[in-house]
1. Per-residue HN-Hα couplings for segment 504-521, Karplus 6.51 cos²θ - 1.76 cosθ + 1.60 at θ = phi - 60°, whole Hz, x for Gly and Pro?
2. Quick check: from the Cα gyration tensor, does segment 4-62 come out rounded (a/c under 1.5), prolate or oblate?
3. Which of the three applies to segment 439-527, rounded, prolate or oblate, going by the alpha-carbon gyration tensor with a ≥ b ≥ c and a/c under 1.5 meaning rounded?
4. As a check on your grasp of the helix formula, calculate [θ] at 222 nm for the chain: sum -39500 (n - 2.57) over DSSP H runs of n ≥ 4, divide by the residue count, round to the nearest 500.
5. Among rounded, prolate and oblate, which fits the chain when a ≥ b ≥ c are the square roots of the eigenvalues of its C-alpha gyration tensor, a/c under 1.5 means rounded, and a/b larger than b/c means prolate?
6. Going by C-beta contacts inside 10 Å, put Lys97, Lys144 in order with the fewest on the left.
7. So, by mean Cβ neighbours within 10 angstrom, what's the order for 258-266, 309-317 with the highest one leading?
8. Using the number of other C-beta atoms within 10 angstrom as an exposure proxy, rank Phe210, Phe448, Phe53, Phe424 with the fewest first.
Amino acid sequence: MQYEIASLLPPAVAIVLAIVSRRVVLPLLAGVVCGGIILAWDDPDRSLLSIVFRTLWGEAWDPGNLQVLQFSLLFGGMVGVLEAGTAMKLLIAWLSKRIRNRRHAQAAIGISGLIVFFDDYANTLLVGTTMRSTADRYRLSRAKLAYLVDSTAAPVAGLAVVSTWAATELRLLTQGLQNAGIDDGTQVFAMFMQSVPYRFYPILALVMVFVIACTGRDFGPMKQSEAEADADRGDGPDSDAATSDPVALRGHWIGAVLPVVICVATVAGSLIWTGAARLGPQAAYGSAEGLRQILGEADANLSLVIGGRVGLLVAVACYLGIPSSAGGKPHSPRACLLAALSGAWQMMPAMLVLWLAWSLSSLTDEDALDTGGYLASLLSERLSDQWLPTVVFLVAAATAFATGTSWGTMAILTPVAVSLAVQFSAAADPTGTLTIATFGSVLAGAIFGDHCSPISDTTVLSSRATGCDHMVHVRTQMPYALLVGLVSLVCGRLSIGFGLSPWILILAGAVVLYAVVRYVGRRPAES
């Protein structure tokens with residue numbers, strides 16, 4: 001730990017500049033340059049330019065990073081094809097035909113958000129635009145539609161094992177462990193899965209969506225918006241007549257569901273195959289413990305790449321084989337290629353952020369500045385390990401709120417937070433509950449801050465997709481996000497501080513949310 005307080009400068013520079021500029025790319029690059037300056041100052045034989053270039057080049061060609069990039073582009077291409085083929089839109093429109101009242105309409109919007117689990121942007125655009133007429137027909141305010149869309153998009157994508165988030169989360173977790181000196185990557189997927197119940201905010205945010213939907217009650221500014229919409233808006237337009245054609249719907253159901261189902265099944269099969277290959281004759285398929293061991297040894301990145309390839313091929317086959325409309329001609333290969341390239345291109349800004357974040361992480365690892373080791377020595381006597389996940393949750397929330405990006409927040413904080421958790425628990429279990437809960441807290445805090453931030457990309461996108469005034473969306477969603485954030489904070493503290501099961505705390509949190517909505521909320525007619 002020869003660099004001591006200087007080791008904190010690169011991530012601090014990145015965070016402060018991101019907050020001030022409300023951008024992520026240049027602050028991350030500034031953090032990399034800052035780390036290079038410190039290393040070059042200490043070692044005159046190495047120049048700043050060579051350190052920065054070697055770091056960026058090395059991370060660009062790292063095999064694990066390339067797998068993440070490949071999966072993200074493949075999955076982005078699949079999403080682009082699905083969007084261009086209108087399959088998901090028609091599936092969601094079909095669901096809207098089964099709605100009977102306002103509460104059904106809200107639940108249907110929430111369920112639609114769960115269906116499009118593989119990407120938060122695709123979720124926001126597909127559900128937001130498709131469900132506008134449904135919201136109008138049942139006198140839901142656009143603010144309510146924006147809330148339901150925004151509060152399912154990032155949470156469900158962040159929790160899904162197969163999504164545009166998954167490979168990134170796995171890679172960031174791997175880097176955090178490597179920064180702490182743990183190079184055994186066989187535990188990463190098991191830790192990823194074990195962290196799911198510790199992601200209290202995204203889980204309870206989804207619970208809150210369905211509590212609001214099923215009770216039909218609201219509070220705060222949302223209550224006023226709903227009362228005005230219920231009083232002023234008449235019946236909206238019927239859904240597109242094309243969706244009433246059962247033959248067309250059956251065809252498009254295949255194009256919407258088959259690529260995703262086969263992609264998920266391929267990832268699951270690949271996880272078992274790669275895990276069993278590593279275990280060899282010791283692999284045991286017949287028991288839950290044997291399956292857990294197989295998944296623990298699985299190559300998650302390779303499995304996601306295989307699933308992405310298969311999913312994209314199936315999406316292309318469905319796109320080319322299914323007519324563009326009932327009785328119409330099949331889509332053209334050129335349109336399919338453009339759709340795939342468009343979907344892949346949408347992932348490039350996120351990939352640029354991750355590349356720079358990986359580079360910053362490599363400069364702060366144990367073999368370079370050892371930021372995690374210094375933080376552990378600095379905080380070990382000042383901060384109880386039981387408080388670490390709570391503090392990380394708050395820092396992640398504040399960073400995401402200020403920068404407006406959950407992805408950037410995860411990229412900056414995850415490697416340092418995981419490394420710090422390993423250092424705190426090194427004497428006990430370095431990959432145990434504390435590390436898992438801290439990893440989950442970064443994701444949860446990032447999504448929480450993102451939901452509250454008026455400059456968040458998904459918040460802005462939700463407003464545009466649903467036709468809601470942006471500041472109205474921010475003002476009406478904020479009380480719900482703060483309530484879920486407070487409950488999540490308590491649950492997280494209790495899970496580590498008192499060793500309570502996270503699943504029990506999630507159930508308790510859901511009960512608290514229901515009680516608050518039930519006794520504080522009002523239906524539009526009661527306002």
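Every number here is computed from the coordinates shown, using simple stated rules; none is lab data. Computed from a prediction, not measured in an experiment: that's the story for all the values here. Because the Cβ atoms are built from the backbone with ideal geometry, glycine has one as well, and the counts that use them run over all protein chains shown.
1. Calculated HN-Hα couplings, in order: 5, 5, 5, 4, 5, x, 5, 5, 4, 4, 4, 4, 5, 5, 5, 9, 9, x Hz.
2. It is oblate, given that a/c is not under 1.5 and a/b is not larger than b/c.
3. On the way: a/c = 3.26, a/b = 1.37, b/c = 2.39.
The shape class here is oblate.
4. Theoretical 222 nm ellipticity from helices: -24500 deg cm²/dmol.
5. Cα axes put the chain in the prolate bin.
6. Working: Lys97 13, Lys144 27.
Going from least to most buried by this count: Lys97, Lys144.
7. Details: 258-266: 19.0, 309-317: 21.3.
Highest to lowest by the protection proxy: 309-317, 258-266.
8. Working: Phe210 19, Phe448 32, Phe53 12, Phe424 23.
Placing the least packed residue first, the sequence is Phe53, Phe210, Phe424, Phe448.
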